[in-house]
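What follows is a short report on a single structure.
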Amino acid sequence: KGKIKTIGLKVGIPIKVMLGPKEKDAESAFGRVGIPCQAEYKYDGFRIQIHKDEDKILLFTRNLENVTNQFPEIVEYVKKYVKGKSFILDSEAVGFSSKSGEYLPFQSISQRIRRKYDIEKMSKDFPVELNLFDIVYLDGKDLLKTEFIQRRRLLEKVVPEKKWSVVVAEQIITDKHDEAQKFYEKALDKAMEGVMFKKLDAPYKPGGRVGHMVKMKPVMESLDLIIVGAEWGEGKRASWLTSFTLACIDSNGGYLEIGKVGTGIKELEEEGVTFAELTKMLKPFIVTEKGKEVKIKPKIVIEVNYEEIQSSTTYNSGFALRFPRFIRLRDRLPEDISTLDFVKELSKSQKK
């Protein structure tokens, strides 16, 4: 159970992407991946797997959903700039402001993912830059077992960089804690999510958090939680769901409630993710309604931050978030959300 038979790569058929577990600092990251290793920006965007076979280009999410139509400019960038007759690339599409020339958080482009109309306008209003960080297939050759450092060199050969169109992820190769720390701080200054540390001789392992790469991002900053319930608003918000019940996941795959969030969600589209947008996304998943309260099938994952994790008898997780705040929608499968064990660890670390 849970094992997938590998039958070889086929361009046009998406594979599960490789994932990285979290480490708290450069020292523990070095311990996992060995040194020297590659430290690379962890972009705050949307994971996209790119398949090209001659003139046909397909784009897939980390959940293997085809989003080729939603990102016509990525298709154009790949056609125009990336060399090779056939390939499979791993990347992150990151929103940016054409006015300020700065990267924007994931939520700035989240509405593009599910949009089926006004696509041309959306691509102008919410442009993305493609940041490529791995290649697993090139011109008939399966590269899954090729060492990461060789795959990275190949990637650099096939991608001539075009800022704000397509670039190779920024990185350094290092064995020094202070150098890694400076790179991490620079990443956060540039609105990155953090840094990935990658083992130089590692293969690409589809679907696994196998420790070939690990991520380092601010601790206590956020949790990825799933929406399992909500309440209809009042007055001018009566047509919107406005308070959302959140859950983490336990070791048996069950969802345990941990709090409610309403703060951080906007009323106006230009300010970020709105109540209207979340309501539209959640409506198809409403299971039952009782008065103003609705129960929701666990499908939509969001990132929240908070001031503190408190022990609580109100929620069946045994914990409650103090002052939770919505940060963004997450491109995550329900089973990939924050675990109860992780919540317990964070709760303990607050007291240190």
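Most simply put, segment 26-216 has about 95% antiparallel DSSP beta bridges, counting only bridges with both residues inside it. Each Cα pair of segment 52-198 feeds into the Kirkwood radius, which the Stokes-Einstein equation turns, at 20 °C and 1.002 mPa s, into a diffusion coefficient of 130 µm²/s.
In the chain, the DSSP-assigned H stretches of four residues or longer account for a calculated mean residue ellipticity at 222 nm of -6000 deg cm²/dmol, using -39500 (n - 2.57) per stretch and the full residue count as denominator.
Would you mind computing, in nm to one decimal, how far apart the modelled labels at Asn69 and Gln171 are, each placed 7 Å from Cα along Cα→Cβ? Reported label-point gap for Asn69 and Gln171 is 3.5 nm. Each of Lys162 and Glu267 was given a label point 7 Å from its Cα along the Cα-to-Cβ line. The distance between the two points is 4.2 nm.
Taking 0.36 nm per residue of sequence separation and removing the Cα-Cα distance, the Arg325/Glu120 pair yields an extension gain of 70.6 nm.
How big is the gap, in Å, between the Cα center of segment 138-181 and the Cα center of segment 248-313? When both Cα centres are located, 37 Å separates them.
GNM on the chain, alpha-carbon springs under 10 angstrom: the most fluctuating residue among Pro14, Pro127, Pro160 is Pro160.
Length gained on full extension, Glu234 to Thr314, computed as 0.36 nm times the residue gap minus the Cα-Cα distance: 26.4 nm. Value of Rg to Rh for the chain, rounded to two decimals, is 0.96; Kirkwood radius and Rg both from alpha-carbon coordinates. Determine the alpha carbon to alpha carbon distance for each of Lys16/Lys42; Lys79/Lys215; Lys162/Lys182; Lys24/Lys297; Lys79/Lys190; Lys260/Lys295 and list only those over 22 Å. In this structure, Lys79/Lys215; Lys162/Lys182; Lys24/Lys297; Lys79/Lys190 exceed 22 Å between Cα atoms.
The order of Ser91, Ser110, Ser243, Ser97, going from fewest to most other C-beta atoms within 10 Å of their C-beta, is Ser97, Ser243, Ser110, Ser91. Dipole magnitude for segment 26-216: about 340 debye, using +1 per Lys or Arg Cβ and -1 per Asp or Glu Cβ, origin at the Cα centre. Anisotropy class assigned to segment 226-352 is prolate, per the alpha carbon gyration tensor with a/c at or over the 1.5 cut-off and a/b larger than b/c. Taking 14 Å as the straight-line reach from the Cα of Lys145, the aspartates and glutamates in range (excluding those fewer than 8 positions away in the same chain) are Asp134, Asp201.
Model label points for Glu147 and Ser251, set 7 angstrom from Cα along the Cα-to-Cβ axis, are 3.8 nm apart. Comparing Lys295, Lys198, Lys99 in a Gaussian network model of the chain, where Cα atoms under 10 Å apart are tied by springs, the biggest mean-square fluctuation is seen for Lys99.
Any read-out appearing in this document is the output of simple, stated calculations on the displayed coordinates, not a laboratory observation. It should be emphasised that the depicted structure is a prediction, and the values quoted were computed from it without experimental measurement. Counting neighbours? That spans all protein chains shown, and the Cβs are built from the backbone with ideal geometry, glycine included.
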